[in-house]
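Structure record follows, encoded as C-alpha cells.
The values are calculated or read from the model by the stated rules, or taken from the named source; none is laboratory data. All of these numbers come straight from a predicted model, not from anything done at the bench. Neighbour counts run over all protein chains shown; Cβ positions are idealised from the backbone, glycine included. Areas reflect the complete protein model, heavy atoms only, side chains present, ligands, DNA and RNA absent. Shrake-Rupley method; radii C 1.70, N 1.55, O 1.52, S 1.80 Å.
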Amino acid sequence: MDENRWFWSIIQNDFKTGKIDLEGCMRLLEKMQIPFDEAHVTHIFKKTVDKHSGHIISMEDFKAIYRAIVHRSEFQELFRAYSPDGQILPDSQLIKFLVKEQFHTEATETTAFELISKYEPIDEVRKKKQMSFEGFVRYMNSEECSIFKSQHKTIYQDMNQPLCDYFISSSHNTYLIADQLMGPSHLWGYTSALLKGCRCLEIDCWDGSNNEPVVYHGHTLTSKIPFRSVIHVIDKYAFMSSAYPLVLSLENHCSPKQQEVMADCLKSILGDKLLSSPIGGETEMTRLPSPEALKFKVLIKNKKVGTIEEGMLRMGDETGAETAAETATESATETATVVETGAETEDISESELLSDEETDDTTPIYRSKSPSKRKGDRRTSSPPPSKKSKVKKPKIAIALSDLVVYTKSSKFVSFEHSLTNQKCYENNSIGEAKARKFVKTSAKEFISHTTRFITRIYPRGTRMTSSNYNPQEFWNVGCQMVALNFQTPGTQMELQDGKFLDNGGCGYVLKPEFLRDRNTTFTPKNVGAYSKPMSLSIRLISGHQLPPSSLSKTNKADPLVQIEIYGVPEDQAKKKSSVVKSNALCPKWNETFSFNIQVPELAMIRFCVEDEVSLVNNEFLGQYTLPVLSLNTGYRNIPLLTRDGIKIESASLFAHVWYY
C-alpha cells in the first residue's frame, strides 16, 4: 500500500538508531508539518509508553501517535462516503465532494488537479491524479476549508467611493499599552495598531521641555514619549499592512510654539507621505476623495483655521510663525468664540479646548495624590472659573492648521446644525454616552449625518482601565471611526478584529448601501425592506487539540461552545452547546444551531470555546469572530485565537455551515 510505504520512507531515518523519546517524537511531527499542542502530544506519548513501561517508542508506536492526532474520525467518515474503496479519492469523486458538500459549484477537473498537486503528499497517488486520505486531511485542515471566505481575504470591495462611505479601523489612546491613568505610554502601541491594519491613530500632544512636544494621557501619571519618536514609528510602519490612507487624529493641547514644532516634525519626517494640500489642487470641495485616490497618504485630523484656499496661498509663502490669533480672516474670528463651561464639566485648562474630544463625557477625575486636591494639581494660581465664565480659545499655529485638508475636526452642535452648516471635509467626534443617546432617540438623523460626514466615536474618559464599549451599536448607524482601546483584550476588540478581517484586512470596509444613501430611511430598529434576511444553520461537529484547562495537570478540559450573533437589535442572539466532559483533544458535539438574521450585512458571528469550571464559572479557551457575510458554506474548520488575538496554531473547531 502506497500510504504505508510513504509513511515509513519519511520516518525511517529518525529511527535508524533504534527508538525515539518524546522530544524526538515532537521533532518528527514538526518535520512532517503537523501542527500540535505539546500537552496533547505529551499525553498520547505517555499513554503509549505506559503500555510497555519506558520512555521511548518504536516506529509502530509513532504511527499510532501520528494517527491519534491526524486521522480524525469525522474526516474519515467524509472520505469514505466519497471514496469507492476507502483508500483513494479519484478526481471525479473529489469534484463531486467539492460541488455537493463544499458548495463549490464551479469545481472542474482543473480545480481537482490543483488541490491534488497542492495537498497530496504521496507521489505515486499524486501522479495518478488521485487523493489519498493523507491528502484529504491536509486539504480539510487548510486555509481553503477555513470558515472565512478566501475571496474576502483580498481587497474585493469598491475603493473609489468617498471616505465617509467606509467603516475605518480606528484606535483610541493608541500610545497606551496598559490603563489610562498609570500605564506606560509606549511606541509599541502605535506599531502594533499599525500592524493590525488600524487606519486612524490618536496622538495626545502636550508641551514638553526644550520646546519638544510629548505624547501622553494629560494630567495623569502615564509616561511621556516625544512626539518626534511617535512620528518616526508611524513613518516606518504606516503602510506595512495597508496601502490605504492613514489618519492621525491629534488631541492637541500644545502651545502655538510647540504646535509649530509638531508641524515641522510631520513635514520633515513624513515627507511626501504627508497630505498637505488637496489632491488635484481643487479647493472647492463637494465630496471627499476615495481611499484609492489617497493611497499611501497620511492625513492630519485637527482643528483648522480659515479655508483651504487661504492655506494653499500660505503654503506658497512659508511663514509658519504667525498664529491663528494674528490672522485677520473671518473664520479666525469664528474660532475665537467663547466657550461656556457647563456645570458638569471640570475646570478646563485652556489647552484642553483645542482637544477634539468633548470635555463633558471624557474628562476623568484625575486623582494624582489626594482626591481633595484634584483641581489644585491643574492650576494653582487662578481660581476655577464660575459657571458662566468665558475661557479664551487657545491659539492654533497656522503651520499646523494648514496641514489639515480633508479631516478638519469641528465641534458637534446638533444634526440639524451639521446639515445646514457642515462641509464635507469637517468631521465630528462624539463621546460614547452622547452617541448612545442619539442611537436611542434619533437614529434616523444620526444615519443621515453619517452618510455625509465622517463621525468618530470614542470611549468615555471615566473608563479608567481603558475598558471598551461594544462597537456594533455605532456601526449599526454608520459611524465610520468607532475608536477602541486596542490595548484592551475582550469581546469588543474581537468584534473589531473580526470586522476588519474583511476586505483583505486593509482597514477600510465599504458600508452597506442603506448606510451610504443620503435618503435612506433605514434604522437599526426599523430595518424595512433594505436587506434580504438570511436563514443560517451551523452544525457544530467537533473540536481538535483545544487548549487544555488551566486547572488540568494533563491535557483535559470540559469544553462547550457559545455561538453569538451581533448586529441590529433583533439579530442579537446567543446559543450554547452541551459540555463534553474531560476531552480537549477531540470533543464531539454534532449539534445544529439555527439563526434568522434580518440584516446580514451588519451581522458578526462569534464562536467562543470555554472550559466549564463550575456551574457559574467558565474559563476562556479560544474564540473566532467574523462578518456573517464572510462565512464559507460546507464543511469548514474554524481557527481559534487567544484573548490577545493570536492564532492558536494547533486548535480548531469543525462545523458544517449552510444558509439561504
**Study point:** Where only C-alpha atoms are counted, convex hull volume of the stretch 11-52 per residue in Å³
**Key:** 66
Practice item. Give the cross-link partners of LYS224 among the lysines, using a straight C-alpha distance below 21 Å as the criterion and excluding same-chain residues fewer than 8 apart. Key: LYS236, LYS257, LYS369
Check your understanding: Expressed as an acute angle from 0 to 90° and rounded to the nearest 10, what is the orientation of the C-alpha long axis of helix 443-452 relative to the principal long axis of the chain?
Key -> 80
Exercise for review: Please work out the ratio of the alpha-carbon Rg of the chain to 2.2 N^0.38 Å and round it to two decimals.
Suggested key: 1.12
Review point. Using the heavy atoms of the protein chains alone and a 1.4 angstrom probe, what is the accessible area of the stretch 541-642 per residue in square angstrom?
Key: 36
Review point. How large, in percent, is the carbon and sulfur part of the accessible surface of the stretch 440-481 at a probe radius of 1.4 Å?
Key: 51
Practice item. With everything on Cα atoms, drop me the angle between helix 22-31 and the longest principal axis of the chain, reported from 0 to 90° to the nearest 10. Key: 70
Check your understanding: To the nearest 20 debye, what charge dipole does the stretch 24-68 have about its Cα centre, counting +1 at the Cβ of each Lys and Arg and -1 at the Cβ of each Asp and Glu?
Key -> 100
Review point. Name the GluC sites (Glu not before Pro) in the stretch 81-166 that are in a loop by DSSP and that have at most 13 other C-beta atoms within 10 Å, would you?
Key: GLU106
Exercise for review: Report ³J(HN,Hα) in whole Hz for each residue of the stretch 427-437, in order, from the Karplus equation J = 6.51 cos²θ - 1.76 cosθ + 1.60 where θ = phi - 60°; Gly and Pro get x.
Suggested key: 10, 10, 10, 10, x, 4, 5, 5, 4, 5, 4
**Study point:** Selected from GLY54, LEU28, GLY86, residue furthest toward positive end of dipole (the stretch 1-116; charges at beta carbon)
**Key:** GLY54
Check your understanding: Can you give the calculated 222 nm mean residue ellipticity of the chain, where each DSSP H run of n ≥ 4 adds -39,500 (n - 2.57) and the sum is split over every residue, rounded to the nearest 500 deg cm²/dmol?
Key -> -8000 deg cm²/dmol
Review point. Over the chain, what is the relative contact order in whole percent, taking alpha-carbon pairs under 8 Å and six or more residues apart?
Key: 14
Point to revise | For the stretch 1-124, size of Cβ-based charge dipole, Lys and Arg +1, Asp and Glu -1, in debye | key: 460
Check your understanding: Using a simple charge model, +1 on the beta-carbon of Lys and Arg, -1 on the beta-carbon of Asp and Glu, nothing else, what dipole does the chain show about its Cα centre, in debye to the nearest 20?
Key -> 1080
Check your understanding: Which cross-chain or sequence-distant (5 or more) residues have an amide H under 5 Å from the amide H of LYS411, H modelled 1.01 Å from N in plane?
Key -> none
Check your understanding: In nm, to one decimal, how far is the modelled label at SER53 from the one at LYS411, with both set 7 Å along Cα→Cβ?
Key -> 8.4
Practice item. Enumerate the calculated ³J(HN,Hα) couplings along the stretch 8-13 in order (Karplus 6.51 cos²θ - 1.76 cosθ + 1.60, θ = phi - 60°), each rounded to whole Hz, writing x wherever the residue is Gly or Pro. Key: 4, 4, 6, 9, 4, 4
Check your understanding: Using the Cα atoms of the stretch 16-122 to build a convex hull, what is its mean projected area in square nanometres?
Key -> 8.4
Practice item. Work from the charge dipole of the chain (Cβ charges, +1 for Lys and Arg, -1 for Asp and Glu, about the Cα centre) and give the residue of SER268, LEU400, SER577 farthest towards its positive end. Key: SER577
Review point. Over the stretch 430-587, what is the relative contact order in whole percent, taking alpha-carbon pairs under 8 Å and six or more residues apart?
Key: 19
Review point. Which whole-percent values make up P(r) of the stretch 494-626 when all C-alpha to C-alpha distances are grouped in 10 Å steps starting at zero?
Key: 11, 34, 30, 17, 7, 1, 0
Practice item. Keeping to pairs on different chains or 8 or more places apart, tell me how many lysine pairs in the stretch 28-145 have Cα atoms under 28 Å apart. Key: 26
**Study point:** Degrees separating the helix 109-119 axis from the principal Cα axis of the chain, which is the longest one
**Key:** 90
Study note, to complete from the structure: In the chain, taking the dipole from +1 charges on Lys and Arg beta carbons and -1 charges on Asp and Glu beta carbons about the Cα centre, the listed residue (ILE122, LEU163, SER242) farthest towards the positive end is ILE122
Study note, to complete from the structure: Sequence order, the stretch 462-475: Karplus ³J(HN,Hα) from phi using 6.51 cos²θ - 1.76 cosθ + 1.60, θ = phi - 60°, Hz rounded, Gly and Pro as x, gives 6, 7, 4, 8, 6, 5, 10, 9, 7, x, 4, 5, 8, 5
Review point. Can you pull the percent of the stretch 21-110's accessible area that's carbon plus sulfur, 1.4 Å probe, other chains left in place?
Key: 51
Review point. Using 0.36 nm per residue, how much length does the chain from VAL99 to GLN562 gain when fully extended, once their Cα-Cα distance is taken away?
Key: 163.7 nm
Practice item. Give the percent of DSSP beta bridges with both residues in the chain that are antiparallel, rounded to the nearest 5. Key: 75
Review point. Relative to the compact globular guide of 2.2 N^0.38 Å, what is the alpha carbon radius of gyration of the stretch 417-475, as a ratio?
Key: 1.19
Practice item. Provide the per residue accessible area, probe 1.4 Å, for the stretch 65-139, rounded to a whole number of square angstrom. Key: 47
